[in-house]
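One structure is given below, encoded as structure tokens.
The values are calculated or read from the model by the stated rules, or taken from the named source; none is laboratory data. Bear in mind the structure is a predicted one, so any value in this text is a computation, not a measurement. Here the Cβ positions follow ideal geometry from the backbone for every residue, glycine too, while neighbour counts run over all protein chains shown.
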Amino acid sequence: MSPRRLDVSEETARRWTELSRQGWPFARIGREEGVDRRTVARIVRQRWGKHVGEAAAQARGEVASRMLEEHFRDMETVATTVLRALVPPSLRDSLFVEVPDMEVLLQERVADWWLRMKHMYLPGTGPDEVDRRRARRQAQALLMALQEHQPLVKTLVGDWSRCAQDYYRLWLEIEGKAQAAGFSGPVTRSAVEETLRGSMRGDASSHVATAPGLVLPGPDLERVGRWLAADREARACLARLGKLMEEMENTFEALEEALDPAPLRQALLESRCRLCLA
């Protein structure tokens with residue numbers, strides 16, 4: 001027959017639990033306290049279960065907090081990677097920008113970071129194909145997570161990529177026209193560079209080219225400059241290049257604002273992504 005259910009005070013339950021922790025059998029505690037051993041067992045086990053549950057909840061909270069902070073750091077690093085990949089021509093050493101597949105480029109750069117930061121390799125060793133495959137998958141997931149927290153990022157990256165593709169196509173078009181007119185590629189590239197930088201400064205004067213690989217001012221450069229100024233189609237292409245540069249700069253500024261640490265962390269707290277804890 002089961003003993004009559006007995007409710008005890010918190011102090012009594014704590015004393016019985018401490019005695020049990022010291023090795024006292026339930027029967028001995030019951031004799032000392034004048035209660036059935038099954039009542040002692042029930043109270044002690046309930047208290048132990050409560051403590052275990054509280055400890056587990058605290059541990060889960062600590063783990064979740066560490067994982068959230070790590071997620072914050074990962075998203076901020078991915079955001080920096082995106083910004084560095086989408087630097088506009090005006091902030092680069094050279095205004096000539098070759099445009100790769102941006103989705104592939106971003107995945108490669110994030111995957112490289114993930115391999116460097118998340119793994120430690122012994123001297124003389126490195127990532128194998130399994131590591132690289134996993135890095136590519138992680139990079140794709142991290143980039144998608146960033147877009148889920150800040151949906152504007154996907155739109156801005158797409159806008160910048162389209163502008164950059166038009167910019168690259170127009171630059172090649174100018175070089176093709178210059179080549180047909182008898183000018184070499186390096187000289188034409190330097191002349192276009194100087195003309196665009198002059199427009200950025202608000203003047204039309206030539207200046208010494210400083211970007212890597214550019215041709216220094218000279219007779220050939222001056223001839224190409226005169227041709228650029230005289231050819232109607234070349235002038236139209238140059239004007240369009242200037243507008244595309246401005247569009248890329250504006251898009252980059254909007255991206256900087258969206259990925260600034262403060263609004264990014266706010267978005268991380270207010271939204272969820274595929275990598276957030278359930």
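Structural remarks
- Flag for Trp24 being more than 30 Å from Glu175 (Cβ to Cβ), of a type outside the set (D, E, K, R) and assigned by TED's automatic domain parsing to the domain that holds Thr155: no
- Set Arg201, Arg223, Arg197, Arg189: member being touching an Asp or Glu at 6+ places or on another chain (Cβ under 7 Å), at pLDDT below 90 and either of a type in the set (Lys, Arg) or at positive phi (or both): Arg189
- Selection within the stretch 85-144 - among the β-branched types (Val, Ile, Thr) and either surrounded by 15 or more Cβ atoms within 10 Å (Cβ to Cβ) or within 30 Å of Val187 (Cα to Cα) (or both): Val87, Val97, Val99, Val110
- The one condition in (1) surrounded by 14 or more Cβ atoms within 10 Å (Cβ to Cβ); (2) closer than 16 Å to Arg73 by Cα that Cys163 fails to fulfil: (2)
- Filter result (farther than 15 Å from Ala267 by Cα and not in a helix (DSSP H, G or I)) within the stretch 124-164: Gly124, Thr125, Gly126, Pro127, Asp128
- Applying a threshold of 8 Å to beta carbon distances and a minimum spacing of six or more residues, or different chains, the list of pairs starting in the stretch 167-188 at a residue that is of a type in the set (Gly, Ala, Ser) and ending at one that is outside any helix (DSSP H, G or I) reads Ala181/Asp231.
- Residue check for Ala145: over 30 Å from Leu241 (Cα atoms) and not assigned by TED's automatic domain parsing to the domain that holds Leu196: no
- Verdict on Leu170 being over 30 Å from the mean Cα position of the chain (by Cα), of a type outside the set (S, T, N, Q), in the same structural domain as Glu108 (by TED's automatic domain parsing) and modelled with pLDDT of 90 or more: yes
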